[in-house]
Amino acid sequence: MHRPVSQPNPRFAMAFSLLELIVVALMLALPFAYESSPKFRYYLKFAIYYGLVMTTAVFVIPIMMFRPGEVKNLLLASFLCRHISKLVGLRWEIRGKEHLEKDMACIIVANHQSSLDILGMFDLWPVMDKCTVVAKKELLYAWPFGLAAWLCGLIFIDRHNSNTAKESMNQATKHIQDNKIKLWIFPEGTRNNVGAMLPFKKGAFHVAVSGQIPILPVVFSSYYFLDHAKKTFNEGRVIMTCLPPIETTGLCKDDIEKLVEQTRNDMIAEFHRTSAEVLLDVNRSKSDGNLKSEKIVREEGTKIEES
């Protein structure tokens, strides 16, 4: 006896067809929206960036649990995340990397323009080898990123409790000295993308002087391609310059003010120099592109006249 063949539910088939139609429409609309809307491009790129970092964090957490707190875990994270820069249209150029390659403890001070700085750091970690970062405690609770960062040995400080922050930094000083680890600090204390550097906080310099550890300035050129107010995030090139280390041997607390001023002045000068270089290249490329377009128009015009 043959069993009757069940017929597909027409409502289900209609809903499935509608879903397919919506997916196809979105796929067709995405390229148009990406090219025509700077705001859409801005949000999409940051969504790709944050989404892939969080996904990578979930993937590496089980692996990093075998070596909790090991700063070399960051080498794995950077290897897996370096491709994100290409996806969002960023190119990083490293200069002075011979200073980063030295197997020594040092305090790296860098200007802080955006969360995109981390993408540049992913390119630097294979060069630095052993490097950890001072981060605000709030990031520890941004899971899964916070857990992955803790497993990578990041140092979290409570910016609202100076005594706890000092204690954390004192412990970090001994750790990086004993293990020849580089400690990355953003002395501006907050992100700043207005074409200038904010005044430096002195915490990094107190650590360097108390531990007699050299300071290694790292300068990121201007993020001319990024404007949070206008919601624009275009393709861009960034020069990351590692300046020669500044020795602190023999310095004391009375020298910190001068040390801060010297470091900041050196970094500002390099920031303006490399930013001007990049912008000059960008303007030259635009000019070459316009000339090429004009040439094509003239050639097409000549062909039309001849015909």
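A short reminder: the numbers here are calculations on the coordinates, not readings from a lab. Just so it is clear, the structure is predicted and the values come from calculations on it, not from any experiment. All Cβ positions, glycine included, derive from the backbone under ideal geometry; neighbour counts span all protein chains shown.
Give me the number: length gained by fully extending Phe40 to His228, i.e. 0.36 nm times residue separation minus the C-alpha to C-alpha distance, one decimal in nm. It would help to have the intermediate numbers written out before the result.
Working: separation 188, 0.36 × 188 = 67.68 nm, distance 1.26 nm.
Value of the extension gain: 66.4 nm.
What distance in nm lies between label points placed 7 Å from Cα along the C-beta direction at Lys136 and Ser285?
So the label points at Lys136 and Ser285 sit 3.2 nm apart.
Taking every pair of alpha-carbon atoms in the stretch 38-287, what share in percent sits in each 10 Å bin, from 0 to the bin with the longest distance?
7, 30, 38, 20, 4, 0
What is the antiparallel percent of DSSP beta bridges lying wholly in the stretch 38-287, to the nearest 5?
Details: 6 of 26 bridges.
The antiparallel fraction comes to roughly 25 percent.
Quick one: check the C-alpha center-to-center distance for the stretch 60-90 versus the stretch 149-194, whole angstrom.
The stretch 60-90 and the stretch 149-194 have Cα centres spaced 19 Å from each other.
With the cut-off at 18 Å, report for the stretch 99-181 the share of all Cα pairs above it, as a whole percent.
Numbers: 1641 of 3403 pairs.
The proportion of pairs with Cα distances above 18 Å equals 48 percent.
Projected area of the stretch 35-148, taken from the Cα convex hull and averaged over every viewing direction, in nm²? Could the numbers behind the result be given before it?
Values: hull surface 32.4 nm².
Projected area, direction-averaged: 8.1 nm².
May I ask you to derive the FRET efficiency for Gln177 and Val127 from their Cβ-Cβ distance with R0 = 22 Å, giving the value to the nearest 0.05?
Values: r = 21 Å, r/R0 = 0.95.
Using R0 = 22 Å, I get an efficiency of 0.60.
Could you work out the Rg to Rh ratio of the stretch 56-107, with Rh taken as the Kirkwood radius (inverse of the mean 1/r over all Cα pairs)? Could you put the intermediate results ahead of the total?
Numbers: Rg = 14.1 Å, Rh = 13.4 Å.
Result for the stretch 56-107 is an Rg/Rh of 1.05.
Normalised by the number of residues in the stretch 38-287, what is the relative contact order in percent for Cα pairs under 8 Å and 6+ residues apart?
Working: 412 pairs, mean separation 63.8, N = 250.
After rounding, I find 26 percent.
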